[in-house]
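Since every read-out is calculated from the coordinates, none of them should be taken as a lab result. Given the structure is predicted, the values throughout are model-derived calculations rather than measurements. Positions of Cβ are generated from backbone atoms using ideal geometry, with glycine treated the same way; all protein chains shown enter the neighbour counts.
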Amino acid sequence: MSALKRENPRTKVFNRRAALLLGGQLGLFGVLAARMYYLQVIESEKYKVLAEENRINLRLIAPPRGRVLDRYGEVLALNELNYRVVVTPEQTGSVVQTLDVISNILSLTDGERRRIMREVARKRRFLPITIRDNLSWEEVARIAVNAQDLPGVAIDSGSSRFYPYGPDLAHLVGYVAPPSESDLTGDPLLELPDFRIGRTGIERNYDLALRGRAGNSQIEVNAAGRPIRELARLEGEPGHDVALTIDLHVQRMVARRLAQEESAAAVLMDIHTGEVLALASSPSYDTNQFSKGIPVALWNSLRTDHRKPLNNKAIDGQFAPGSTFKMITAIAALEAGVISPEQRVACRGWVELGDARFHCWKRGGHGHVDLNESIKYSCDVFFYEIARRTGIDKIAEVARRFGLGQTVGIDMPGEKAGLIPTRAWKRATIGQPWAQGETLVAGIGQGYITATPLQLAVMTARLANGGHAVIPRLTLDQINERTVTERPQQVKWPSCGVSPQILSLIQRGMRDVVNDPRGTAFKARITEPDWAMAGKTGTAQVRRITEEERRNGLRKPEQVPWRERDHALFVAYAPVDEPRYAVAVVVEHGGGGSTVAAPIARDILTEMRRRERERGDGTTRVAERPRDRPL
Amino acid sequence: MASSLSVRRGEMSILQKLTQVNWGLVLLLGIVASVGFTALYSAAGGSFEPWAGRQITRFAIGIVLMLAVAVVDLRLWYRIAYLFYGIALLLLVAVEVAGSIGMGAQRWLDLGLIQLQPSELMKVALILVLARYFHGLTYEQIGRPHYLIWPVVLTLAPAALVAKQPDLGSAIMLVAPAGVTFFLAGVRLWKFVVVIAGAAAALPIGWQFLREYQKQRVYTFLNPETDPLGTGYHIIQSKIALGSGGIWGKGYMQGTQSQLQFLPEKQTDFIFTMFSEEMGFVGGLVLIALYILVIVYGIAIALRSRSDFGRLVAMGIMTSFFIYAFINMGMVMGLLPVVGIPLPLVSYGGTAMMSLLIAFGLVINVYVHRDVHIGRRGLADDG
């Protein structure tokens, strides 16, 4: 009976269908296994990559920017800690919403929001974007409290550039600023929110060395983007410190001395090594305002100021050198053999050439003067005459040998070349033949001729060092792109090709300018023993004085509008017997070279002497610099 | 008339029944559950808190409940099938009326101490009540359509309530085993063809009744990459986790996708993903093999039973078990849309674990009472 029951149709159907179901289930499990095989074996590599992309976040570690030091290790530019709030677009659902929330805390302006959204569009999504810099502690605390409503927002401590002596070294050290789009070279470092690129001066010239190399850190993150642990770290390279040849104390003194004038520039350099000890331009500005983001109004006022505070006039101001150029004319004449040292020229206050009359600065003239006297008194007529005899092309050739008419190659951006005219130059650029009158004017450093204060300092250095073509420089070390190596101690400069006899004639003239009671700069002489200076005054007209004006009598400087006043120039070196330093001072529209510029040069050289004493009586040379500067 | 053995089995003492329990199946369930414990331990980053510890406790309680269910006389379950079903249906209605709102779906009944999910009860109750109904029919009666009206009502009433909650997963888990019970009971194949064809025709209409998020899940299933940060995120991350596990896996507690929270719901619906990420293709196959073993075991028990009731109950439950496992794994592998169905015995979750073990208690019960005879018209009829 039980057997009969087992054989009933229901049981048969049940067993058959149960077997069918089991088969179906096994088949479906087989499908699952096949799917797993596909995902985990065949496609595994693809998914492994995706999983790694999920979890690994590559973060750049910004290297600290190198410092800028003076020759004795005084810090001229360093990094200061500041707090900022950043947002990482890939970690926040909507940047716009996040900014809305943060606006309640920081009250962002429309301009700020536009800048942030521009950066969001421009940068890679995993890179944080600065919302605001230089937060106060209170703001930091308020953002931290609201952290859970601000996904992808973080407080970051970064560094900003600080210049302890701001305006005193503004043009020299320069400043840093956020990279503009044209700066983006693909170096991801440039896209970091706190990254600053050197914009001017040393900061710009040695930007690569100062910048260092970015390190990176592979961070494992979870789904919320929260870092879990560091997987690997590639240490970056901190930026190199750049040690300048500048002596901070002298530099500050120079900057302050120039700041007393409306607009001026000065360069002080070692005539043997080319090391620049001070280089300043006035008026100046505070570079710290650039690293923190300069207010627009201040920027505009700096930009439109007619005294051009943003320009480094020591290297980009091109002035007629005036009488400071006379040494070049004299050398050219002596080399050309058109005059002997003893030969005299009669000066009656003017000389005529064709219809034109060329005046000496001294009404009534100097009488019969020889070379030495003509330099001493700065007699214009003498130089008109020897220039006429020498010819412009020879004068230009000598000028170029002394560094004029071309950039001298200082390691700083923005240097101008000045202008030394030749016949060929005039034909090519103006399209007219050279007029002889122009040679006369050129002989006293006027007309087309222009030079920068730096060029004048170099010219003076080459006159003082025995005719060696010294090239000025600003760094103690040899810096090439990113590598910093020690500079070879002894540099052999090529010769300017001037005979010692000629040079000593010129040097004697320059000595007498300052030290002879009848010299134009006698009042500005240095009385300190062993530190007498030699020099040459220059007063460059910025506009032509008409015959009518001459007849009516020249106006006093105070009566002339500032822009029409003469430039005051003075070049000098010291000590006179065993020269070491050359200085060039230009006071724009300052008036007379002897009364305005020469005292400044004197003060600079005197300060240099004081510094030498302070640091060990005249032995201050390159070797004294401590080798193991702290990083 | 019945064999003396079957009578004696029916009159066995509790101790005697315990010796008859299929301990091999119990051990197998323990192994599968242990896979779950270790996975939950890993999911918590190497801690019994908050999941693995509680899951072990629940499993222990569940095993006791399972054995209790197993030793109750099978005929008692037969007798109370309608009562059980009635209570479950009432609770479902109660959820509909007074259920607390959670996750946009009314599924829970807060009984103070525990949260009861009536749909879980109904899954067992429906299998019992259908088994009892079909047990009472002859093969010829099953062949007549009007005998099918009542079981269809019994099935669709709770399915409709559950679907309305809305809990599509549970509705499927009610209808699918019920359909299998119809199939095993001997309902003619052409009727299935008609119903399936009808369902296919009704699909566009039924689509209108789906909630937006349910439609979205289907869309996302069809093309997860269209919405990588939205609803497609789960599937994409799950596939990345599985695939990156490779053949041998990333190692226990080394799954980057799971440990770093890229994988959502890793302790519940996506636990198979986590397990396979860490244990690889090989580990996943082992787990699937364990499920197959459980199912083969269960079906063997069903075939061994002498009563139609026992056979249908055991097969119904094993079919549920299979559907759970298949839908869950198919979902995490991106073969099926995301429906909230846990991996049986492994996923974290109290109610699911309890109802599953109670259901296995019934399967073991069928084994213990494999030779008990239940008459076609109930217990009185012993012929």
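Between amide H atoms placed 1.01 Å from N, distances below 5 Å from residue A:365 occur with A:349, all of them 5 or more places distant or on a separate chain. With Cα atoms defining each centre, region B:126-171 and region A:223-301 are spaced 87 Å apart in the structure. Applied to region B:357-364, the Karplus parametrisation 6.51 cos²θ - 1.76 cosθ + 1.60 on θ = phi - 60° returns per-residue 3J(HN,Hα) values of 5, 4, 4, 5, x, 5, 4, 5 Hz, with x for Gly and Pro. Cα-based values for region A:389-455, radius of gyration first and Dmax second, are 12.4, 39 Å.
Taking amide H as placed 1.01 Å from N in the peptide plane, the amide H of residue A:449 sits under 5 Å from none that are at least 5 places away or on another chain.
Computed about its Cα centre, the charge dipole of region A:491-597 is approximately 220 debye, with only Lys, Arg, Asp and Glu carrying charge at their Cβ.
Within a straight-line Cα-Cα reach of under 17 Å, residue A:416 can be paired with the following aspartates and glutamates, leaving aside sequence neighbours fewer than 8 residues apart in one chain: A:316, A:588.
Its Cα centre serving as origin, region A:355-457 has a Cβ charge dipole (Lys and Arg +1, Asp and Glu -1) of approximately 180 debye.
Just checking the listed ones, B:192, B:275, B:360: in the Gaussian network model of chain B with Cα springs under 10 Å, the one fluctuating most is B:192.
Pairs with C-alpha atoms separated by more than 19 Å, drawn from the list A:362/A:556; B:123/B:239; B:164/B:215; A:313/A:492; B:17/B:123, are B:123/B:239; A:313/A:492; B:17/B:123.
Taking each DSSP H run with n ≥ 4 as -39500 (n - 2.57) and averaging over every residue of chain B yields -23000 deg cm²/dmol at 222 nm. Does anyone have the angle between helix B:149-164 and the longest principal axis of chain B? Alpha-carbon axes, 0 to 90°, nearest 10? The helix B:149-164 is inclined about 30 degrees to chain B.
In terms of overall dimensions, the C-alpha atoms belonging to region A:11-88 reach 105, 27, 13 Å along their principal axes, ordered largest to smallest. Per-residue Karplus couplings for region B:173-180, computed as 6.51 cos²θ - 1.76 cosθ + 1.60 with θ equal to phi - 60°, are listed in order as 5, 8, 6, 5, x, 4, x, 5 Hz, Gly and Pro entered as x. Seen against the Cα atoms of chain B and their longest principal axis, helix B:118-135 is set at about 30 degrees.
Computed 3J(HN,Hα) for region A:263-275, one whole-Hz value per residue from the Karplus formula 6.51 cos²θ - 1.76 cosθ + 1.60 where θ = phi - 60°, is 7, 7, 8, 8, 9, 10, 9, 6, 6, 8, 8, x, 5, glycine and proline marked x. Simple point charges give the picture: +1 on the Cβ of Lys and Arg, -1 on the Cβ of Asp and Glu, and for chain B a dipole about the Cα centre of about 880 debye. Averaging the sequence gap over all C-alpha pairs within less than 8 Å and six or more residues apart, then dividing by the number of residues, gives chain A a relative contact order of 13 percent. The aspartates and glutamates whose alpha-carbon is closer than 15 Å to the alpha-carbon of residue A:394, local same-chain residues fewer than 8 away aside, are A:335, A:385, A:438. Report the rotationally averaged projected area of region A:362-410 based on its alpha-carbon convex hull, in square nanometres. Quarter of the Cα hull surface area: 4.7 nm². Near the amide H of residue A:468, under 5 Å away, which other amide H atoms are found, from residues 5 or more places off or on another chain, if H is placed in the peptide plane? Close amide H contacts, sequence-distant or interchain: A:496. Short-range pairs are left out: with C-alpha atoms under 8 Å and at least six residues apart, the relative contact order of chain B is 27 percent. Computed from Cα positions, the angle between helix B:232-245 and the longest principal axis of chain B comes to roughly 90 degrees.
Among the GluC sites (Glu not before Pro) found in region A:478-576, those both in a DSSP coil and sparsely packed, with 16 or fewer other Cβ atoms within 10 Å of their Cβ, are A:481, A:486.
Summing charges over all other residues whose Cβ lies under 11 Å from the Cβ of residue A:512, with Lys and Arg as +1 and Asp and Glu as -1, gives +4.
Applying the criteria of a DSSP loop state and at most 13 other Cβ atoms within 10 Å to the trypsin sites (Lys or Arg not before Pro) of region A:112-183 yields A:124, A:125.
For the protein assembly as shown, the convex hull spanned by the alpha carbon atoms encloses 228 Å³ per residue. Helical runs assigned H by DSSP (4 residues or longer) give chain A a calculated mean residue ellipticity at 222 nm of -10500 deg cm²/dmol, each run adding -39500 (n - 2.57) before division by the residue total. Computed over region B:314-373, relative contact order equals 32 percent, with contacts defined as Cα pairs under 8 Å that lie 6+ residues apart.
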